[in-house]
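The values are calculated or read from the model by the stated rules, or taken from the named source; none is laboratory data. This one's a predicted model, so the numbers in the text were calculated from it and none came from an experiment. With ideal geometry, Cβ positions are generated from the backbone for all residues, glycine too; neighbour counts draw on all protein chains shown. Side chains included, ligands, DNA and RNA excluded: accessible areas come from the protein's heavy atoms. Shrake-Rupley method; radii C 1.70, N 1.55, O 1.52, S 1.80 Å.
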Amino acid sequence: PLVEIDIKGKPVEGISTYKVSDDGLVYTFFIKDVKFSDGSNVTSDDVEFCFMIMSDSSYTGLYDPVAMGIKGADDYRSGVSDKISGIRKIDNKTVEITLNEKNSTFIYNVNFGILSKSYYGKDYVSGDTSSVEKLLDKPMGSGQYKLEKYETGVMAKLVYNEKYYKGAPKIKNLILSQTAVGDEEIKVEKGEADVTVIPATENYLKAAQNAEFIDIYRYPSNSFGYIGFNCTNELLNDRLIRQAITYATNRKGVVSQVFGQFASVINIPESSMAWSYTTDNIQTYDFNLDTAKLLLEQAGYTMGDDGIMQRDGKKLVLTITAESPNEVTDVLLPVMKDDLSKVGIKLNIENVDFSTLVDKVLNSEAEMWFLATEMTSDPGAIGEMFISNGTANYFGFENESIDQYYKLGKAASDFEERKSAYIDAYKLLNFEMPLMPIYQRDSLFLISSRVKGVTVSPYRSIFMDMYK
């Protein structure tokens, strides 16, 4: 990629160095002396080609230059222009990208591998990326390895790229094999695999320790589990109710029962490994039924004869939708239902399959739900879950201050300024509770001790540094 992400989640130079204009609108990339594995040079033509492909109306991949805010990307997508006006090739090794507005998260968006225009684009025409897609099983790039053999759903054999710009990888051959869930540790223990990543459990850890030739790397995974609240629901649009439910949920007890030592309760929607993470002035919402009941009373609820809180004749009856079977919710929800009943909240449990759960959340048909979500190296992306009309805001949550904090974080060029804005957002989210964070789980990297020089991080794949 043009820009890589380091082990702490911050952007660093990749195949290019870069500078940002004083107004934060123009990013200039200076491509290093890098070659594709066929010997051709990586140039500004190839960078422009990638953004044109990703802006194409027929593109079905993960990246969206329009959402990135690149000037003219929407005109290219709609066919108004045959070029992206915000991308200018200064020379063969220099490309300038102009944004519609200042956006410090943009630099995280160029963390993708550059495609060769002469290889992938020889038959490309605007509005039809099928000629590019036909070559997806015959990849060619500037990375550490080249594809030698591929068997769908079985394995991929890679051979080192002697032209790799950081130096030819020390491991000459690499085989990626598909492994059944549950067999990952056994394959390393038997010597059939050298590297695997698995969820951390006591059994996996002990087995790896007993093997004696397996190096064990443990760190918090880049995801978290949470209970979401539909803030448009008449019962849940009150912050006091959401806070009360959180106090009445024994998160620590459930996480300990399900994951043991291999997960921790979190109180903000951010990884404990993130550069923006904080615990300062963050309410921990420790399990306390008395506090929960007091909050409900502050919200105007009184206990009915049937043991259910009510306000203005409306009983506090809620439904939580969750996938079943599920190792977390099969433990969490019965406990939660019992504890909530003690403070006067009746909780109904709706068990569904995963696709039904997602559909109900997307269509705002769920009152409460349990899901887990990935976190990115850029905290600004998490903001899409909470800003008004955010692309991942399924809570119906709106708060002008939250919008402003994430806007400030997005606009600030200095990392400390960005961090300050995001911390302000976390504190307010911790107070408003549009979702209830439950846990962040640990992962294990099991690596044969014959592999040396390994660095692992939730933000940077081990494969990014395989050449070492």
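Here is how the number arises for the chain: DSSP H runs of 4 or more residues each give -39500 (n - 2.57), the sum is divided by the residue count, and the result at 222 nm is -8000 deg cm²/dmol.
Which whole-number value in Å² is the accessible area per residue of region 279-330, probe 1.4 Å?
Working: 2950 Å² over 52 residues.
I get 57 Å² per residue for region 279-330.
Residue separation of Val26 and Val159 scaled by 0.36 nm, minus their Cα-Cα distance, works out to 44.1 nm of gained length.
You can think of it this way: the chain between Lys138 and Asp353 has 73.8 nm of extra reach, that is 0.36 nm per residue less the Cα-Cα gap.
Taken about its Cα centre, the chain carries a charge dipole of roughly 1260 debye when the Cβ of each Lys and Arg holds +1 and the Cβ of each Asp and Glu holds -1. Straight-line cross-link partners of Lys252 among the lysines, defined as a Cα under 21 Å from its Cα and at least 8 positions apart when in the same chain: Lys293, Lys337, Lys342, Lys427. Here the simple spin-label model places points 7 Å from the Cα toward Cβ, and for Asn173 and Asn92 these points are separated by 3.7 nm.
With both labels modelled 7 Å from their Cα along Cα-to-Cβ, the Leu147 to Lys346 distance reads 5.7 nm. Qualifying trypsin sites (Lys or Arg not before Pro) in region 177-226, where qualification requires a DSSP coil assignment and no more than 13 other C-beta atoms within 10 Å, comprise Lys190. Taking a straight Cα-Cα cut-off under 20 Å and skipping sequence neighbours fewer than 8 places away in the same chain, the lysines within cross-link reach of Lys89 are Lys19, Lys32, Lys35, Lys71, Lys117, Lys122. Here the extension length gained between Glu234 and Asn389 equals 53.9 nm, from 0.36 nm per residue of separation less the Cα-Cα distance.
Say a paramagnetic label sat at a point 7 Å from the Cα of Leu294, along Cα to Cβ; which residues of region 326-347 have their backbone N under 19 Å from it? Correct set: 340, 342-345. In a DSSP loop and with at most 12 other Cβ atoms within 10 Å, the GluC sites (Glu not before Pro) in region 361-468 are Glu365.
Placing unit charges on the Cβ atoms only, positive for Lys and Arg and negative for Asp and Glu, gives region 400-455 a dipole magnitude near 500 debye about its Cα centre.
Hey, got a sec? Which GluC sites (Glu not before Pro) in region 253-340 land in a DSSP loop and have at most 15 other Cβ atoms within 10 Å? Spell out each step's value before the answer.
On the way: sites: Glu270, Glu297, Glu323, Glu327; in loops: Glu270, Glu327.
Loop-located and lightly packed - Glu327.
Placing unit charges on the Cβ atoms of the charged side chains and taking the dipole of the chain about its Cα centre, the candidate lying farthest along the positive direction among Val454, Ala412, Pro11 is Val454. Spin-label pair Ser40-Thr201: with each label point 7 Å from Cα along the Cα-Cβ axis, the two points sit 4.8 nm from one another. Computed on the chain, with alpha-carbon pairs under 8 angstrom and 6+ residues apart, the relative contact order is 19 percent. For the charge dipole of the chain, defined by +1 on Lys and Arg C-beta atoms and -1 on Asp and Glu C-beta atoms about the Cα centroid, which residue among Val20, Thr246, Tyr76 has the Cα displaced farthest towards the positive pole? Value: Val20.
For the chain, what is the percent of antiparallel DSSP beta bridges, rounded to the nearest 5? So the antiparallel bridges amount to about 85 percent of the total.
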